[in-house]
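Participant: Please find one structure pasted underneath; my questions will follow.
The values are calculated or read from the model by the stated rules, or taken from the named source; none is laboratory data. Note that the structure is predicted; figures quoted are calculated from it, not measured. Cβ coordinates were reconstructed from backbone atoms using ideal geometry, including for glycine residues, and neighbour counts include every protein chain displayed.
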Amino acid sequence: MKVMLIRKNEEIWSIRLFFFLMIRRPPRSTLFPYTTLFRSWLIGSDSMTVISVDVGDEFRFSKTVSESDVYLFAGISGDFGVAHVNEEHMQHSRFGHRIVHGVLLVAFMSAASSLVDKGVTGSPSIPISIGYDKIRFVAPVFFDDTITVVYRISEIDAERLLTQADIEVRNQHGETVAIAKHTSKWVPNEPVA
């Protein structure tokens, strides 16, 4: 296995994300023996990085999900399942109508998480998404439903520069339709030379 060592100041996030996932959930086999080598490079403390949110901070994103949103997402993702695009078929289902892709709701969760960036404008550091956990779709979302994503900071790990957030997606009736956990890594907000 080839391993490329990169200085800490050279931020290459695709490689860092891969190694973070391997450190966070190492495989059961010992196919990846380099975990400890990259641990300090990946999640080590950076004295110039500041986490600019507090536990309890909340961000909201709302959107009415239109038919065009669903069809555009189907085109991008390639998911043209009958549950999403065939009204005739879905009229005879337990839902009675087409339903929105669950993964489209995850995209709206991402939109809510990006509001954290706007809340920390001018901060010496910014949050970068490193993953969603425990995603559950607990009720259907139909075309023309208005959803509100509530993104709440629930935990801060200052040593590892990580924040956890609880995410709840509600429809216009106040019913919870999806939930998730989100993790962000805070990195310096400085240009790479």
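Participant: For segment 163-182, give me each residue that is modelled with pLDDT of 95 or more and within 20 Å of Ile51 (Cβ to Cβ). Can you show your working first?
Facilitator: Applying the first criterion (modelled with pLDDT of 95 or more) to segment 163-182 yields 164-182.
Of everything in segment 163-182, those that are modelled with pLDDT of 95 or more and within 20 Å of Ile51 (Cβ to Cβ) turn out to be Gln164, Ala165, Asp166, Ile167, Lys181, His182.
Participant: Moving on. Give segment 52-75 a look and list any residue that's within 23 Å of Ile99 (Cβ to Cβ) and over 18 Å from the mean Cα position of the chain (by Cα), or say none.
Facilitator: Thr64, Val65, Ser66, Glu67, Ser68, Asp69, Val70, Tyr71, Leu72, Ala74, Gly75
Participant: Just the residues that are in contact (Cβ under 8 Å) with a residue 60 or more places away in the chain and β-branched (Val, Ile, Thr), please, taken from segment 60-100.
Facilitator: Within segment 60-100, Thr64, Val65, Val70 meet the criteria.
Participant: List pairs: first residue in segment 170-189 and surrounded by fewer than 16 Cβ atoms within 10 Å (Cβ to Cβ), second residue not charged (D, E, K, R) anywhere in the structure, Cβ distance under 6 angstrom, at least six positions apart or on different chains.
Facilitator: Gln172/Thr146; Glu175/Ala139; Thr176/Val138
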